[in-house]
1. Any idea what the relative contact order of the range 1-51 is, in percent, if you count C-alpha pairs under 8 Å spaced at least 6 apart?
2. In what order, largest first, do M125, M113 sit by accessible area if the probe radius is 1.4 Å?
3. Which value, in Å² rounded to 10, gives the accessible area of K190 with a 1.4 Å probe and all protein chains present?
4. Apply the a/c threshold of 1.5 to the C-alpha gyration tensor of the range 135-179 and tell me whether it is rounded, prolate or oblate.
5. Antiparallel versus total DSSP beta bridges in the chain: what percent is that, nearest 5?
6. Can you give the Kirkwood hydrodynamic radius for the range 59-166, in Å, rounded to one decimal and based on Cα pairs?
7. What accessible surface, in Å², does a 1.4 Å probe find on S24, ignoring ligands, DNA and RNA and rounding to the nearest 10?
8. For the chain, which whole percent of the accessible surface, found with a 1.4 angstrom probe, sits on carbon and sulfur atoms?
Amino acid sequence: MSLFIQDSLNFIAKVTPRRVWNASKVLASFYATDWLKRPVQWGLPFTISLEPTTACNLRCPECPSGLRAFTRPIGNLKEDFFRKTIDELHKELIYLIFYFQGEPYINPKFLDMVRYASDKGIYTMTSTNGHFLNDENARKTIESGLDRLIISVDGTTQEVYESYRKAGKLESVLKGARNVVKWKKELKSKTPHIIFQFLVVRPNEHQIPEIYQLAKEIGIDEVKLKTAQVYDYEKGNDLIPRQDKFARYEEFAPGQWRAKNKLLNRCWKLWHSCVITWDGLVVPCCFDKDAQHRLGDLKTNSFKELWQAKPYQQFRTDLLRGRDQIDICQNCTEGCKVWA
């Protein structure tokens, strides 16, 4: 059985009749919205992103966590708040992206929370820079029931890797990956599905063939190429790849660049998913990294109240009227036909 099929079957095994019914309502409401040209929202999100922490050990140049550039409060997700949130949503929730900003493994209770979600039958995924996958954490990762583990490996040599992953050590990342592969075999576990994610930027694009070979040597299940979001792209940026198919941006006139996305006045994410910060703020999606568009606070309201409340409905209405007027949408990959 291929690893992709095995992962897909694992995901399908999490799907219950109640979750299917909820997802069907969400999908129907999305199409009803498109037809009526006004927001219709049935059901609850079946995908959420929860932020374990805002802290990170690296200094990546296009990341607010790496740049220490947040204007919002920083901190770690508390286990009791996490359990309360999962208890409210787990019957409809299929997919938990246990990541937003920061490095998840910095939160000391991270893997305990993964276990709690896994025990609720939720498909769990996280993304890590790989520096905290020591032997003990690798074993605990397998034992937590985590379904998908994305490890960022943005170069196959230290020089290239650290050109973006500032303060990072490639040797530590690869050792951590080998630890996870080892414990997955020793514990005879089918999970997690291990992915090497390669953020394609100009300094590393020549190493794309090498990342596939490296992943094969270590025993990684899959390699994903990801396009890079940059903030200052209008006059070009040294991180934009030369290979056009890996770039989110295009030069439309000498020295003038723009995003490739079409900015259609619709967005599937606003109907089926949301992001919850470590301190309970609900924001539209992963492009709102600094939580500027706050649609509610789970410290004062239940999620079900917020999902149908005026701020959420107003944001959906604004989106239908013009995504190009919403700052976080202007640099989004929705409608952008590239790897993302």
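The values are calculated or read from the model by the stated rules, or taken from the named source; none is laboratory data. Owing to the predicted nature of the structure, the values given are computational and were not obtained by experimental measurement. Ligands, DNA and RNA are stripped out before the accessible areas are found, and what is left, the full protein with its side chains, is counted by its heavy atoms. Shrake-Rupley method; radii C 1.70, N 1.55, O 1.52, S 1.80 Å.
1. It comes to 31 percent, rounded to a whole number.
2. Largest to smallest exposure gives the sequence M125, M113.
3. Roughly 150 Å² of K190 is accessible to a 1.4 Å probe.
4. Prolate is the answer for the range 135-179, as a/c is 1.5 or above and a/b outweighs b/c.
5. Among the beta bridges of the chain, antiparallel pairing accounts for roughly 25 percent.
6. One over the average 1/r among Cα pairs gives 15.2 Å for the range 59-166.
7. Solvent-accessible area, nearest 10 Å²: 60 Å².
8. Here carbon and sulfur together make up 53 percent of the probe-accessible area.
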